[in-house]
Amino acid sequence: MQYRRAVIPGGTFFFTLVTDRRRPILASDEAVNVLRNAFRSVRQSRPFEIDAIVVMPDHLHCIWTLPPDDADFSTRWRLIKTWFSKHCPDTFRRTPDAARLKKGEQALWQHRYWEHQIRDETDFSRHVDYIHYNPVKHGLAQSPLEWPYSSFGRYVKAGVYASGWGSDSMCFEGVGHE
């Protein structure tokens, strides 16, 4: 099957990445710090803006904006996943299945990821809300402010959200992919 990805230089995209077999390898401060360092390392050589992000135990959601002359988010994700795989604790590693062994791959991430090109400001706002509400949706926090692995605090400081936003039930029809 041929997968088609959007090719929009300077585009803004929503992404979902999932760990292999939904293992909760991102459930510790140590793992999130390794992931942060992977992002930092890749952004040094291939810049992009992280508009919003949440890291959950077994997946992450984020919105990126690429530079005006660049549409290559695929290479960035490959480099981030590779960097994380090389630098994460050995306890995260499992014996890969035969197909992954043949390719020399680790069993840390699902092969693919989901992306959606952000169409307009309303689409952007809905996806940012979805990202920040995700820990509440999954029962990991009572409010987005309680979840430490999110850009929500940055948005509160910027005055985009009140600190109590998202403490109630919310609906995000047509947004996200898990």
What are the ³J(HN,Hα) values, in whole Hz, obtained from phi via the Karplus relation 6.51 cos²θ - 1.76 cosθ + 1.60 with θ = phi - 60°, for each residue of segment 63-71 in sequence order, with x given for Gly and Pro? 10, 10, 10, 8, x, x, 9, 9, 10
Using DSSP to call loops (not H, G, I, E or B), can you name the trypsin sites (Lys or Arg not before Pro) in segment 113-153 whose Cβ has at most 11 other Cβ atoms within 10 angstrom? Arg119
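Grab the other residues whose beta carbon is less than 14 angstrom from that of Ser45, score K and R as +1, D and E as -1, and report the net.
In short, +3.
Please report the carbon-and-sulfur percent of the accessible area for segment 1-90; probe 1.4 Å, protein heavy atoms only, DNA, RNA and ligands left out. Don't jump to the answer; show the numbers that get you there.
Working: 2110 of 4340 Å².
Its accessible area is 49 percent carbon and sulfur atoms.
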Reachable aspartates and glutamates from Lys157, criterion Cα separation under 15 angstrom, eight or more residues apart if same chain: Asp51, Glu146
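The values are calculated or read from the model by the stated rules, or taken from the named source; none is laboratory data. Not measured: the values here are computed from a predicted model. A quick note on method: Cβ atoms are made from the backbone with ideal geometry, for glycine too, and the neighbour counts reach across all protein chains shown. Just the protein is used for accessible areas: all its heavy atoms, side chains included, with ligands, DNA and RNA removed. Shrake-Rupley method; radii C 1.70, N 1.55, O 1.52, S 1.80 Å.
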